[in-house]
Amino acid sequence: MTSHPESMAWPFGGAEPIQLFVKMMNSQAPPMEINVDANDIIKIIHEKILVTWKIPVTEQKLFYGTKQLQYWDTLKQCSIQNKACLELTVRWDDMDGTSALLHMVHQMSSSICRMCQGESDSKYEDCCSIISQALDCMTEENSEILSLCSVPATLVMLYSSPIEGNKFDGNNLIRLSMDLILMTENQLSHDEIASLGLEFCNLLREVSSEDPLYNSCRTMLAEYLEDKYEIYYGCYLRTVIQILLFAVKLSQDLSNGLANLFYRSEHIEPLRIQVRDLGKFLCVLRKAINVLINEDEDDEQNRMVKFIVDVIKVLFHLHLKDMEQNLTRLADMKQIFEKLDTARPVSLLYLAILNELNSMPQLVESAADEFKRVLEGQKNSLQIMIKNIMRSDDYDWLLEHIDVLDSESRMHLIMMKMFPEKKLHNAGLLNTLFCWSEKVDKKLFNAFKGKDLTDPKVLHHWLCKVCQVLFEPKNLLFRVCPDYPTEFYPNPELQPEPFHLDCFNFAGKVIALALKHEIQVGVALDRVFLMQLAGKNISLEDVKNADPCFYNRCKEFINKDDLSTLESPKVKFGFKTGKTMKLYPSKGYFESLVRHCFVRSISKQVSIFSEGFQMIFGTSISQLLEDFKGLELKDLNWVLKGNVNAGSNFGKKGKSLNHECNESDPLMSQLQKIRRPRINMKDCQLGDFLGSGSFGKVYEGYVADCPLLAVKVAPLLERKKVDQIEQEIALLRQFSHPNIVKYFGTDKDEMNLYIFLELVGAGSLEKHYQKFQLQDSEVSLYTKQILKGLKYLHDRNVVHGDIKCANILVDVKKCVKIADFGLSRVTNLKTLFKFCWWNPRWMPPEVVNGKGGGYGFKIDIWSVGCTVLEMSTRKIPYSHLEPGAVDYSIGEGKLPPLPDSLTEHSRDFILQCLQVNPNDRPTAAELLEHPFVKGRCP
């Protein structure tokens, strides 16, 4: 297209209005009065003649005096004065040099003019054909013909015609033209396409800013500009200026639309689309500014860019003022909007405008501060709007400003961001949690049995009830804050049994589920508990709510002028730790006391709770705070707490618990009630022999009305040791994890001790790898499950002590279960290792040489490394050595040979496990993050 730099002289105001008269030569028709501006181009006069007299632009010749006027000249350039009279000559110059394209355009324009004059013979089909042919043969050299001949104005004239059928034909012809123009990027430049599209949009907007065809064409053009329009340094700015002009008109329309106090529902959605389109036009302008600006130059292009910035600044302040006014009255209008069922559409409209304003501060100086000021002053209105947001809406930009939002709004946005709708309702997960809840309250379990927990109302009711059980003070898991009866933290008086730890894990899952679904469950987590979950240090001020007596007593001592009064015999505070401590004249003492009473005493419970929370939530609380800057710990409680007052009953001293039924511990009593009845050997029939190990032989067992069992038969040891084993098994009965074998109890006669266990039908991993060559992916899968089961045991202070493929069972679904707990031990039951024998090939050096000083959790880590090597090679560790040489080799810290066939990840995993120094070995939890197993399912 020919460049017309003079036409770019575009001021926003101050143009001189001019009244013209156009007289048709050789005609008795009265002159046409036309009102224009001095900066308007002659083409505008041609189009006014087209619309009024229905004369094709291709036939119009305008003269001012003796000079023929050119389309792209402005009135000012032609020295046309106010009240001037122009002469119009009507003729079509069909000369030999006339291009085929121009001829087709003239033919179509003439047909449309006749249709608008009321000719009954419609030329619609001919016009469709001409438009298709014209655009098909168009090139950059002849592309300006459509605009010069005012094809857009001609088609819009047809669309605006009151004659029956013309509007329908005009609509179809304009849509066809827009479709074809936006698809001609191989023939036309992006500037030409954008310019033609803008011409159609400007003309249709003059019909009506609410016209559906205008809105449709505007959206088509906006999408084209966003996806395909390219800007490069040094490019001609005429189209960018046209886009700016159109964006100003769109802004004016939007401002006028927002001025309506009451919105019709059918009016709101077009406004929201208008905002979306405006954003796309502004995006082009922002791109142009970033590409074209050159601070070191002071040329015409740079001045024009700065001018665009000034215009955007005006638009920013225009819409910011509009939004401040509309948001201010939103609270008053809330009930009206709800009655009209337009609360959500209005909210989405306002938020869309705010989103566009949020993108402007990078171009407008101080705009960020002004925008934030408005948001801070409109917190109530923001809260109203955010409540109407759904997961499918565009709300990411709000997360940049969560520091100015209230707690409820922050959490609502973050929960929607973290948990899309498809991830929110997991029937399998809900069923698993529901089934486990039977262990904490059988009556509650029966009350909800058969109900659909995916129903939000049912889930809400169930979560509230479960939380009331878990946080009920008499159940001993949690302690209530004296002055805040809905805030809780783990009870430091409780010496937790394995089942208590499982309950803490379950509580973490329930709280995470409540947060995910934004359900108020009537309880909240005390600050000191939340801070530990977030991995933050605890100070004396942080425990003020948890134990005001402790806090006040400490402050009383700290405020004494003479700290020597602190040096006294053993002193006990209000906090019941079960221990007394000697005070020393140091303020640092109190920080140590806080760590002792509020950190170390409940660290295990906090860790297990956090693990359950993370399993459901997908991330830890500390990571949540890291990912969403501005989120505060108290925000979590805004979601959780309600009006339920659980009360307080923590004045009683904690009692020591045994591993069987104890009425002082309702949760343990509940567990005993739902357990399988105690199995006696006289009721059990032994079946097939399944295998033997270092601790005895294993048989299939049958008991009426029970699933098949595995029965381990061990020779009877001295009475004291048998009692210890029975006590341990009673403890292990509380364990529940998919990757460990369940224990059902023990019995004995004069000769043998009988241990009843879960029967896993497919056999051991040893038998499995002897039959089949395991792929690396299978070894990884099995290893991950072993680590999960081992982590569960270690978290409950249980060392297995004999991890190897023979002691790991696998079912038909490839779920592995750690077995042979006859060789496990609870940390304080060291006797088991003194009378049980094991194969040293899986044992670490510190056990074999006796120099390790104990049997800690890290011996299992060494054994895991040997087990992975065993699965990968189908050979036991140190298989190259004779039995007599194995002890010496391991005791000297020599590793088993690793074959070259191992993958990089599996080799590294094994080497990390086989660290000679136990302190250098990772934990089971850390190994679960290793690339060899991370990401594997399950």
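For a test of the definition: using alpha carbon positions, the gyration tensor, and the 1.5 limit on a/c, classify the stretch 230-418 as rounded, prolate or oblate.
Because a/c hits 1.5 or more and a/b exceeds b/c, the stretch 230-418 counts as prolate.
Setting aside same-chain residues fewer than 8 positions from K544, which aspartates and glutamates have a Cα under 17 Å from its Cα?
Excluding near neighbours in sequence, the set is D483, E487, D526, E556, E591.
How large is ³J(HN,Hα), in whole Hz, for each residue of the stretch 605-612 in order, when computed from phi with the Karplus curve 6.51 cos²θ - 1.76 cosθ + 1.60 and θ = phi - 60°, using x for Gly and Pro?
So the Karplus estimates, Gly and Pro as x, are 4, 4, 5, 5, 4, 4, 4, x Hz.
Shape call for the stretch 676-758 from the C-alpha gyration tensor, a ≥ b ≥ c root eigenvalues: rounded (a/c under 1.5), prolate (a/b greater than b/c) or oblate?
Here the stretch 676-758 falls in the rounded category.
At a 10 angstrom cut-off on C-beta neighbours, averaged per residue, how do the peptides 706-716, 486-496 rank from highest to lowest?
For the peptides 706-716, 486-496, the packing ranking is 486-496, 706-716.
Per DSSP helix of 4 or more residues, -39500 (n - 2.57); summed, then divided by the residues of the chain. What does that give at 222 nm, rounded to the nearest 500?
So the calculated ellipticity at 222 nm is -15000 deg cm²/dmol.
Using θ = phi - 60° and the Karplus relation 6.51 cos²θ - 1.76 cosθ + 1.60, list the HN-Hα couplings for the stretch 203-212 in order, rounded to whole Hz, with x at every Gly or Pro.
5, 5, 5, 5, 5, 5, 6, 9, 5, x
Return the carbon/sulfur percentage of the accessible area of the chain, one whole number, probe 1.4 Å, all protein chains in place.
Carbon and sulfur: 49 percent of the exposed surface of the chain.
May I ask you to evaluate 6.51 cos²θ - 1.76 cosθ + 1.60, the Karplus curve with θ = phi - 60°, for each residue of the stretch 304-319 and list the ³J(HN,Hα) values in order in whole Hz, giving x for glycine and proline?
With the stated coefficients, the stretch 304-319 comes to 5, 4, 5, 5, 4, 4, 4, 5, 4, 4, 4, 5, 4, 5, 4, 6 Hz.
Per residue, how much accessible area does the chain show when a 1.4 Å probe rolls over the protein heavy atoms, in square angstrom?
46
Sort 916-923, 795-802 by the packing proxy (mean of other Cβ within 10 Å over each peptide's residues), most packed first.
Per-residue Cβ counts within 10 Å, averaged per peptide and sorted highest first, yield 795-802, 916-923.
Past the 24 Å Cα-Cα mark, which pairs from K748/K791; K417/K814; K474/K641; K804/K858?
Violating the 24 Å limit, Cα to Cα: K748/K791; K417/K814.
Answer with a single label: of (i) 30.1; (ii) 32.9; (iii) 35.3, which was calculated as Kirkwood radius over Cα pairs in Å from the structure in view?
(iii)
Give the long-range amide H neighbours of L716: residues separated by 5 or more places, or on another chain, with amide H under 5 Å away, using H modelled in the peptide plane at 1.01 Å from N.
N752, L753
Return the long-range amide H neighbours of R479 (sequence gap of 5 or more, or a different chain), with a cut-off of under 5 Å between placed amide H atoms.
Amide H neighbours of R479: Y489, N491.
Nearest 10 degrees, 0 to 90: what angle lies between the long axis of helix 343-358 and the longest principal axis of the chain (Cα atoms)?
Tilt relative to the chain: about 80 degrees.
Check I18: other-chain or 5+ apart residues with amide H under 5 Å from its amide H, H built from backbone geometry?
Distant-sequence amide H within range of I18: V36, D37, A38.
Which angle between 0 and 90 degrees, to the nearest 10, do you get for helix 904-913 versus the longest principal axis of the chain when only C-alpha atoms count?
Helix 904-913 sits roughly 40 degrees off the main axis of the chain.
The values are calculated or read from the model by the stated rules, or taken from the named source; none is laboratory data. Given the structure is predicted, the values throughout are model-derived calculations rather than measurements. Neighbour counts run over all protein chains shown; Cβ positions are idealised from the backbone, glycine included. SASA here: full protein model, heavy atoms, side chains in, ligands and nucleic acids out. Shrake-Rupley method; radii C 1.70, N 1.55, O 1.52, S 1.80 Å.
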